[in-house]
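What follows is a short report on a single structure.
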Amino acid sequence: MSTTRTILICSGKGGVGKTTTTANLGIALARQGAKTVVLDADFGLRNLDLLLGLENRIVYTAQEVLAETCRLEQALVKHKQEPNLALLPAGNPRMLEWLKPKDMQAIVALLERQFDYVLIDCPAGIEDGFKNAAAAAREAVVITTPEVAAVRDADRVIGLLNTQGVQPVQLVLNRVRPKMMSNQEMLSVDDVTDILALPLLGLVFEDEQVIVSTNRGEPLTLSDSSSPAAQAYGNIAQRLQGEDVPLMDPSQARRGLRAKMRKLMQTRIF
Amino acid sequence: MTVKEFIDKLLRRQPASAETAKERLQLVLAHDRSDLNPELLEQMRREILEVVARYVEIDLAEGDVSLETEDRVTALVANLPIRRPIAQPAKVETSEQQPAQA
């Protein structure tokens, strides 16, 4: 019996931060000393390689591993700055035509032999791509944002995960805007956890640095960045490892005086 | 936020949108989770009222059958105000006399 944690990172809706979360959690776990592999299960629209800055180092993919035309070690791309992290790239989009749940299970079984954590970056949607990825996972982290469409789609995914027996399923609330929440113009943390009835693994504040880091292909958790999102992902990784880290409080989010002044200057009076 | 919007909110001319979002989500999720569309629900509502009306005189205008969700469990909640029991209930095999809450 393997002690590897195989975790599906999924959301239902696209664009809520699955791949960003996978990249940042992967790096954070690796930095905390866990041997971690991130598996890009989004064969149609792969991007995990790009966010990790590994896009130019891909030689083989999951496809060649499955076809046994290369060894797993040849396909794995090791991160140069963080050697505890490896990427198994997604294969050709044409794989979608024949890929079955048992194929994903076979890939994951290979990875579980040598890693502590297998993070699966799930495609958006609830079709075959999702089902293949979910079949290989033991537990799941559902990413959502405090928006109606994202929460609704997350609910569909949670229902499917429950029927597949994936357990535990935890929630990450991404792109939280503390100011909008305090003005009650955004669903609160409690609203979302009440509606979805999942334990909250973490919340991540909206943070411009995320875009900067993806531009560079260097996840925020790679450096000791003090940006809110970097801290949030670090905290989530620690909680996954079983540490008790308090959740961030949106109402306590610090807003610098300068930022406040700038906002004031831009406020339309009428 | 402009001053106008602020005053609107202060005077509660419009509820904060988070509350609206929550209410809309709860409703749509109750339907998503039960896989019942509004049309089927309406048909079920009519049939339930028909059955209950055989036993008790109910206020059809006030009667309400809806889906409610809590902790991922969806319940069908029927709230049917009873005017008075019908003296001679229709001959259907049942022992329950107060199917007011389903």
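The values are calculated or read from the model by the stated rules, or taken from the named source; none is laboratory data. Owing to the predicted nature of the structure, the values given are computational and were not obtained by experimental measurement. With ideal geometry, Cβ positions are generated from the backbone for all residues, glycine too; neighbour counts draw on all protein chains shown.
If you go through the range A:198-229 and keep only what is within 16 Å of the chain's Cα centre (by Cα) and charged (D, E, K, R), you end up with A:Glu206, A:Asp207, A:Glu218. Kindly list, by first and then second residue, each pair from a residue in the range A:151-179 that is over 20 Å from B:Arg33 (Cβ atoms) and surrounded by 15 or more Cβ atoms within 10 Å (Cβ to Cβ) to a residue that is of a type outside the set (Ser, Thr, Tyr) and modelled with pLDDT under 95, limited to pairs with Cβ atoms under 6 Å and residues at least 6 apart or on different chains. Matching pairs, first to second residue: A:Val176/A:Pro250; A:Pro178/A:Pro250; A:Pro178/A:Ala253. Within the set A:Arg152, A:Arg113, A:Arg71, A:Arg46, the sole residue that is within 14 Å of chain B (Cβ to nearest Cβ) and either among the basic types (Lys, Arg) or within 30 Å of A:Arg31 (Cβ to Cβ) (or both) turns out to be A:Arg152. Do you know which residues across the range A:11-38 are more than 19 Å from A:Gln170 (Cα to Cα) and of a type in the set (A, V, I, L, M, F, W, C)? A:Ile27, A:Ala30, A:Ala34, A:Val37, listed by residue number. Residue count for the range B:18-32 satisfying the condition of being facing chain A (nearest Cβ under 7 Å) and surrounded by 16 or more Cβ atoms within 10 Å (Cβ to Cβ): 7. Comparison of A:Met186, A:Met104, A:Met181 shows that the only residue that is in contact with a helix residue (DSSP H, G or I) (Cβ under 7 Å, 6 or more places away or on another chain) and either of a type in the set (Lys, Arg) or more than 14 Å from chain B (Cβ to nearest Cβ) (or both) is A:Met104.
The rows are residues; the columns are (1) buried (at least 18 other Cβ atoms within 10 Å of the Cβ); (2) touching an Asp or Glu at 6+ places or on another chain (Cβ under 8 Å).
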position	(1), (2)
A:Gly12	yes, yes
A:Leu45	no, no
A:Leu51	yes, no
A:Leu54	yes, no
A:Cys70	no, yes
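State which residue is farthest from the other protein chains (Cβ to nearest Cβ) when the search covers only the range A:189-204 and only residues that are of a type outside the set (Gly, Ala, Ser) and surrounded by fewer than 19 Cβ atoms within 10 Å (Cβ to Cβ). Selected residue: A:Leu200.
Being assigned to a strand (DSSP E or B) and under 22 Å from B:Thr74 (Cα atoms) is the filter here; which residues of the range A:185-227 pass it? If the condition is that a residue be assigned to a strand (DSSP E or B) and under 22 Å from B:Thr74 (Cα atoms), then A:Leu200 is the only one that fits. Scanning the range B:33-65 for residues that are surrounded by 12 or more Cβ atoms within 10 Å (Cβ to Cβ) and of a type in the set (Gly, Ala, Ser), which turns out farthest from the other protein chains (Cβ to nearest Cβ)? Checking each candidate, the answer is B:Ala53. State whether one or more residues within the range A:137-147 are more than 14 Å from chain B (Cβ to nearest Cβ) and surrounded by fewer than 14 Cβ atoms within 10 Å (Cβ to Cβ). No: the range A:137-147 contains no residue that is more than 14 Å from chain B (Cβ to nearest Cβ) and surrounded by fewer than 14 Cβ atoms within 10 Å (Cβ to Cβ).
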